[in-house]
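A short worksheet on the structure shown next.
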């Protein structure tokens, strides 16, 4: 590792910690030449790619999941922290289940699965965009299983 200050390749690792739920390692380093400290992060490479509906492939982006969740949860009593935790859980499950590629519909289905347990309105909002609802009948069809489960629970 080259020192970012003096560019010498003579440093010592003072401390290493696992961060970001095991997805990265933070190393505190000390340059033996200029005596300055700096931090490096090591992340897993070999990123997951998403296969879109049209067949195109693009790198997975948790930010896109966060944006979708934010829109679905707009004006609902779901905190930003809850949405971030949800996005992290979805990303962790995708990384665990898929090695290199995942189809976009699998990501959408997983988002819906998590949203359904948190907020039914957010779930239907997300479903309406993800499943491309065209009219009210699509909403009714999506709501029917939820309403049936709610009536069975009472």
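The values are calculated or read from the model by the stated rules, or taken from the named source; none is laboratory data. The model shown is predicted, which means the values in this text are computed figures rather than measured ones. Here the Cβ is made from the backbone with ideal geometry for all residues, glycine too, and neighbour counts use every protein chain on show.
Structure notes:
- Of all the criteria given as (1) on the phi > 0 side of the Ramachandran plot; (2) modelled with pLDDT of 95 or more, the one not satisfied by residue 51 is (1).
- Residue 78 assigned to a loop (DSSP other than H, G, I, E, B), modelled with pLDDT of 90 or more and surrounded by 15 or more Cβ atoms within 10 Å (Cβ to Cβ): yes
- Residue identified as within 18 Å of residue 64 (Cβ to Cβ) and either surrounded by fewer than 18 Cβ atoms within 10 Å (Cβ to Cβ) or in contact (Cβ under 8 Å) with a residue 24 or more places away in the chain (or both) among 115, 147: 115
- Out of 86, 71, sole residue that is closer than 30 Å to residue 126 by Cβ and surrounded by 15 or more Cβ atoms within 10 Å (Cβ to Cβ): 86
- Residues that are over 20 Å from residue 107 (Cα atoms), touching a strand residue (DSSP E or B) at 6+ places or on another chain (Cβ under 7 Å) and modelled with pLDDT under 90, drawn from the stretch 20-39: 24, 25, 26
- When restricted to residues that are assigned to a loop (DSSP other than H, G, I, E, B), loosely packed, with under 12 Cβ neighbours inside 10 Å and at negative phi, the stretch 122-144 contains 2.
- Some residue of the stretch 90-101 being surrounded by 14 or more Cβ atoms within 10 Å (Cβ to Cβ) and closer than 21 Å to residue 54 by Cβ: yes
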